[in-house]
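Any read-out appearing in this document is the output of simple, stated calculations on the displayed coordinates, not a laboratory observation. Note that the coordinates shown come from a computational prediction; the quantities given were computed from them, not determined experimentally. Glycine gets a Cβ as well: all are built from the backbone with ideal geometry, and neighbour counts include every protein chain shown.
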Amino acid sequence: MSFGRCFLKLPYFTNMFIVQVGALLIALTYYTNAQTSVVAVNTTIPGSEQSASGLRQLAVAVVPQSSVFHPSLRSQFSLNLLSAFPEDLEVSNYCVELLAIFGQRYSTYVNCLVSAARPVKVCQNCYGTYGNLMEIYKNISDQMGPGNVSCRDSLLRSDRLMLVFLLYSNLEDIWTASECNRCVSLRHYSLTNDTLYFMETLNQSLSCFEKYQKQGNHSELCTECKATYRGLNELYSRMEKNHTLCIDIEDSMNMTRILWSKDFNCSFPRAETVPVIAVSSFMLFLPIIFYLSSFLHSEQKKRKLIHPKRAKSNPSFINIQDKFS
C-alpha cells in the first residue's frame, strides 16, 4: 500500500497534526536562513555607567549607512554640529552683550503691553520701557562699540530671517498704531501736558460718578455730574481737532460715554446738535410755508381782478349804421 493511501486512511485529526508539524518545520528553516543575513543590533539604551566606547558603538548601530555621511568614531557626540566657527565669523563679545540687553528689555516691554491691554494704557504705562528698548536697538543699529565694532551687520543682517529686526519692527508697529507719540514727549521721558490735563479732567468725572453711584440715585448723578462730563467732552473734541489723541485717551473716553449713557441712562443735548435740529425743523415746515404763501398770494390777486362792463348803446352810432344800411 502506498503512502498516499495510508495517509488517506488515517483519522482526520491525525492528518491535521501532520500538516501543522510540516508547516512549523518550514518556518524554522526560513527563520534560520534570515538570521544568517541580518546584523544583530543591540537596542538596549545604555545607562549612566555606559562608557564612551559604548556610546560610539550605539551611534554606529543607529546611524544609517550612507555613502555621504560618515560619522567620526573619534568624537563622543559625532551627530552634533560644530560648536564654534572661525573667529572672523563669530559675533563679538560687545555685540553679544547688546543682544542680551535687547532680549531683557524686549521681554520687559512685552510684559508691560500685556498687562496694559485692558483697559488700554499702553502709552501711559509703557512709554518708559519702549524708550529703553528703542535706545538699545539704536545702539545695535547705529552706534560703534570698542575698537570701532559695529553690531549692525552681525545681529541685523547676517541671515535671511533677520530676527532682531523683525522683533523690533513688530513692537514698533504696535506703538505706531496706538499713536502713542501724540501723548508722549519726543524722547519718551514723560506724558505731554495735554494728556496729563485730560487725565485730571477724566478723574474728576469718574470721582463724581463714583460719589453718586454709591447713593443709588442716577437722576441726581446726571444732574450733579453734568458740568464735569460736559467739560470732559469739550476737551476731547478740542484734542481731536488738534490731533493730540492716542489710544489711551480714546479708549477711556469711550468707556466714560458708555457709563454715562448706558449704565446711568444720562443724556444732555450736545452743542453741535442745535444747528441740526434748527435746519431740520426749517426743512419740515418749508412745504407748509410755501403752500400758505401761495394761497395768500392767490387770494390777493382775486381781490384786484377787474370785471369788464358792457358798453352802453350810443344813438348817434345807431343813426350812422342806419344810413349805410
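Below are the figures for this structure:
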read-out: Pairwise label distance in nanometres, Ser92 with Ile289, each label 7 Å out on the Cα-Cβ vector; value: 8.1
read-out: Simple spin-label estimate for Asp263 and Asn111 in nanometres, 7 Å along Cα-Cβ; value: 3.0
read-out: Under the Karplus curve 6.51 cos²θ - 1.76 cosθ + 1.60, θ = phi - 60°, whole-Hz ³J(HN,Hα) for the stretch 206-212, x wherever Gly or Pro sits; value: 5, 5, 5, 4, 5, 5, 8
read-out: Of Lys214/Lys262; Lys214/Lys241; Lys121/Lys211, pairs whose Cα-Cα distance is over 28 Å; value: Lys214/Lys241
read-out: Residues whose placed amide H lies under 5 Å from that of Glu179, excluding near-sequence neighbours; value: none
read-out: Alpha-carbon Rg/Rh ratio, for the stretch 146-229, with Rh computed the Kirkwood way; value: 1.35
read-out: Backbone HN-Hα couplings from phi across the stretch 166-182 [Karplus 6.51/-1.76/1.60, Hz, Gly and Pro as x]; value: 5, 4, 5, 5, 5, 5, 5, 5, 5, 5, 5, 5, 6, 6, 5, 4, 6
read-out: Qualifying trypsin sites (Lys or Arg not before Pro) for the stretch 158-249 [loop in DSSP, other Cβ within 10 Å: at most 11]; value: Arg160, Arg187, Lys214
